[in-house]
1. Just one of the numbered conditions (1) at pLDDT 85 or above; (2) within 15 Å of ALA247 (Cα to Cα); (3) touching a helix residue (DSSP H, G or I) at 6+ places or on another chain (Cβ under 9 Å) is not true of LEU296; which one?
2. Just to be sure before I move on: is LEU252 outside any loop (DSSP other than H, G, I, E, B), outside the structural domain of ASN136 (by TED's automatic domain parsing), within 22 Å of LYS215 (Cα to Cα) and among the hydrophobic types (A, V, I, L, M, F, W, C) in the structure I sent?
3. Look at region 290-327 and say how many of its residues are of a type in the set (A, V, I, L, M) and either within 13 Å of LYS239 (Cα to Cα) or within 18 Å of the chain's Cα centre (by Cα) (or both).
4. Part of a strand (DSSP E or B), of a type outside the set (D, E, K, R) and surrounded by fewer than 10 Cβ atoms within 10 Å (Cβ to Cβ): which single residue out of GLN105, GLN100 fits that description?
5. If I filter region 249-268 for residues that are buried (at least 21 other Cβ atoms within 10 Å of the Cβ) and in contact with a Gly (Cβ under 7 Å, 6 or more places away or on another chain), do I get at least one hit?
6. Hey, can you tell me all the residues within region 90-136 that are touching a Ser or Thr at 6+ places or on another chain (Cβ under 8 Å), more than 15 Å from ILE36 (Cβ to Cβ) and among the hydroxyl-bearing types (Ser, Thr, Tyr)?
7. Any chance region 244-251 includes a residue that's under 15 Å from LEU217 (Cβ atoms), among the aromatic types (Phe, Trp, Tyr) and without any contact (Cβ under 8 Å) to a residue 40 or more places away in the chain?
Amino acid sequence: MLQKLKERYHISRMIRNAINTYPDGICFAATDGRPILANKKINDVCYELTGHTITNATAMWQTLMLKALPQSHEDTKEAESILCRIEDGTVWQFQRRLLQVNKSQITQYEASDITELYEYRNRLEENNRRVAELHNRQRELLRNIVQNNLDKELLSAKMRIHDVFGRLLIMTKNVLTEDNDEQNEWELFSTWENVIADMENAAVATETREVSPQKELIQVADLIGCRVEFQGRQPPERKALLLLYAAIREALTNAVKHAGADKLTISVSENNGRYDVEIRNNGRAVNPPIQEGGGLSSLRKRLEQDGATMSYRYNGAVTLILTIPKE
């Protein structure tokens, strides 16, 4: 009997020594917070943070939550992972999980030094923020470049018209004050008509340079005898909208040419940072699979270059399925 007690005592000391030499902190506690076993590391870290070792694990957890870094946990008492920084500057992650042992519940607490990981994550977040700002500036710069080029073209057209208009006024004065034949008068009238037409074009340039791609598509569809119907909100982002209309144009061509369709339905929905698109037609059924080539291959390449995907569904006629990222 004495020998068995010695063996059990020896085994328990070995277990405790093994736990104490474990590089991270660990503690096992009953559901009421009473510590069953805690190694030296977790007691030392908790002492640095609170001024005392673990006497009640539940109370210790609540105290640590009050000292947690703001960005490290949700604002809830049920958080299962928190971060704390001790005086020497190191950052420790505390985790707890519920264990089932022989029909009894035990709470396990762990403490790990994640200082390097925490600093790396902060640097990564800062870099991501700077990259996002750079992308925003680049997008704004591109929009300004396009707008500036349009304005330059419009200004050049106006200057050209003003120059011609001035010379035309002089020509008109000469025709009215001098005796001219009928041929000169008709040339004058023709020149006036051309200048007036140029002035009208310059006046509507601001409106025509922002032509709706939807309006253009519907006009093209009408010319080939197909009606286009939209369901859902179209992407406001320019890149996503351009990808969508590139796919619609290709689907429109194939639906009319191969399936004899006279109606195209485009359904758009938003889901987790992307647009889910279905392009259906009412044409006759085609035998799967679709052999991609030419337009469809070019469309798939363009979509995949911008992080979008394309697939098909056969439910009678072919349905084109797209996923387009918002950014």
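The values are calculated or read from the model by the stated rules, or taken from the named source; none is laboratory data. In this text, all values refer to a predicted model and were calculated from it rather than measured experimentally. Cβ coordinates were reconstructed from backbone atoms using ideal geometry, including for glycine residues, and neighbour counts include every protein chain displayed.
1. Among (1) at pLDDT 85 or above; (2) within 15 Å of ALA247 (Cα to Cα); (3) touching a helix residue (DSSP H, G or I) at 6+ places or on another chain (Cβ under 9 Å), LEU296 violates only (1).
2. On the way: outside any loop (DSSP other than H, G, I, E, B): yes; outside the structural domain of ASN136 (by TED's automatic domain parsing): yes; within 22 Å of LYS215 (Cα to Cα): yes; among the hydrophobic types (A, V, I, L, M, F, W, C): yes.
Against the criterion (outside any loop (DSSP other than H, G, I, E, B), outside the structural domain of ASN136 (by TED's automatic domain parsing), within 22 Å of LYS215 (Cα to Cα) and among the hydrophobic types (A, V, I, L, M, F, W, C)), LEU252 qualifies.
3. We begin by selecting, within region 290-327, every residue of a type in the set (A, V, I, L, M); these are 290, 296, 299, 303, 308, 310, 317-318, 320-322, 324.
If we keep only those that are either within 13 Å of LYS239 (Cα to Cα) or within 18 Å of the chain's Cα centre (by Cα) (or both) too, we end up with 303, 308, 310, 322, 324.
Matching residues across region 290-327 total 5.
4. Details: GLN105 fails: surrounded by fewer than 10 Cβ atoms within 10 Å (Cβ to Cβ).
Only one candidate passes the filter, namely GLN100.
5. The answer is yes; a qualifying residue exists.
6. THR90, THR115
7. Restricting attention to region 244-251, the residues satisfying the condition of being under 15 Å from LEU217 (Cβ atoms) are 244-251.
If we keep only those that are among the aromatic types (Phe, Trp, Tyr) as well, we get 245.
Now drop any that are not without any contact (Cβ under 8 Å) to a residue 40 or more places away in the chain, which leaves 245.
Looking for residues that are under 15 Å from LEU217 (Cβ atoms), among the aromatic types (Phe, Trp, Tyr) and without any contact (Cβ under 8 Å) to a residue 40 or more places away in the chain, one finds at least one in region 244-251, hence yes.
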